[in-house]
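Since the structure comes first, as C-alpha cells, the remarks are kept for the end.
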Amino acid sequence: MRTLLLLFVVVFVSCNSADTQKSAQEIIDASIIASGLDKVSNSEIEFEFRKRKYVASRNNGTFALERFIKRDSMEMHDVLSNNDFERFINDEKIHVPDSMKTRFSSSVNSVHYFSVLPYGLNDDAVKKKKLEDVSIKGNQYFKVQISFSEDGGGEDFEDIFIYWVNKETHFVDYLAYSFHVNGGGMRFREAYNPRVVNGIRFVDYNNYKATNASTKLVDLDKAFENNGLEKLSEINLENVKVDF
C-alpha cells in the first residue's frame, strides 16, 4: 500500500511539474493539433453564420475569405485576400473607398477568425504569455494571454485575448477578449456543441459580458464561476463543410 501511495505521489508531482514547464507556445501548438486545425492552412471551409454564407480558401499562405449576403434580388459578395478587399454586387465589382475597405475587411475577417480558433495564433504578429493555471467547473486549465504587435497586427492590434485550454483534452473551452471599437468592452465565450467535420473540430459559443463594469479581463473566469456574467447571445456556425 505504501509503495502504491508513493508511486501515485511521484506520478502526480511529475505531471504537475510537466504542466508547469509547458510554455505558452507549446500549449497553443498542442491545442491546434488536438482540434485538427493544423489542416486549416490547406483547406476550403464553408459555413453559415446569422443567415450569411462564409467561405474560406487557404493554400500555403494564400487565402481568400468570402462573405455572401442576400437581400431580396441583390447579392453582395465580399472577398478579402492577400492582395486586397473587393466587393461585388450581383457579380459586378464596385468601387469601395479605402476608409470603408478597412471596416468591411475587419468585419469579414472577424467571423472567419473566430470560426477556427485557435488557428492563427502562430502568426508573426502574435505575442503569447502564459498566465497562472486555474480551475473552472472542476476542470484544470492552462491560461494563455494573446496580444499583438502593431506591425502586422491589423487595426485591432490593441485587443487582448485570453484562452483557457483544458489540460486533459487540450481544447479551448473558454476564451475572453477586450476590444476598442464602438466604445470598447470585454466579452467571455463558453464553447459548446463541439463537432468534427472532416477531421477539424468546430464549436459554438455562449457569449457573455460582465455585470460589474470594474471586472478585469483576466478575472472573467472567476466572474463566470461566481455567476457574475450576463449572457448576450449565441455564436453558432451552421452547415459547416470542409474540403481539402
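The values are calculated or read from the model by the stated rules, or taken from the named source; none is laboratory data. What you are looking at is a predicted structure, and each value in this text was computed from that prediction instead of being measured. Backbone-built Cβ (ideal geometry, glycine too); neighbour counts: all protein chains shown.
Kindly indicate which of Phe142, Phe85 is surrounded by 16 or more Cβ atoms within 10 Å (Cβ to Cβ) and under 19 Å from the mean Cα position of the chain (by Cα). Steps first, please.
Working: Phe85 fails: under 19 Å from the mean Cα position of the chain (by Cα).
Every option except Phe142 fails the conditions.
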Residues that are aliphatic (A, V, I, L, M) and either surrounded by fewer than 16 Cβ atoms within 10 Å (Cβ to Cβ) or modelled with pLDDT under 95 (or both), drawn from region 31-50: Ile33
Given (1) without any contact (Cβ under 8 Å) to a residue 40 or more places away in the chain; (2) closer than 19 Å to Ile33 by Cα; (3) in a strand (DSSP E or B), index of the condition Ser178 fails: (2)
Unmet criterion (only one of (1) among the aromatic types (Phe, Trp, Tyr); (2) closer than 29 Å to Asp243 by Cβ; (3) touching a helix residue (DSSP H, G or I) at 6+ places or on another chain (Cβ under 9 Å)) for Phe104: (3)
Some residue of region 170-187 being among the charged types (D, E, K, R), farther than 23 Å from Arg52 by Cβ and either modelled with pLDDT of 95 or more or within 14 Å of the chain's Cα centre (by Cα) (or both): yes
Any strands (runs of 3 or more DSSP E) falling wholly within region 65-161 and containing at least 3 residues that are within 18 Å of Ser178 (Cα to Cα) and modelled with pLDDT of 95 or more: 126-136, 139-148
In region 198-218, the residues that are in contact with a Gly (Cβ under 9 Å, 6 or more places away or on another chain) and surrounded by fewer than 19 Cβ atoms within 10 Å (Cβ to Cβ): Asn198, Gly199, Arg201, Lys209, Thr211, Asn212, Thr215
Qualifying residue in region 214-226 (condition: touching a residue at least 24 places away in the same chain (Cβ under 8 Å), of a type in the set (S, T, N, Q) and part of a strand (DSSP E or B)): no
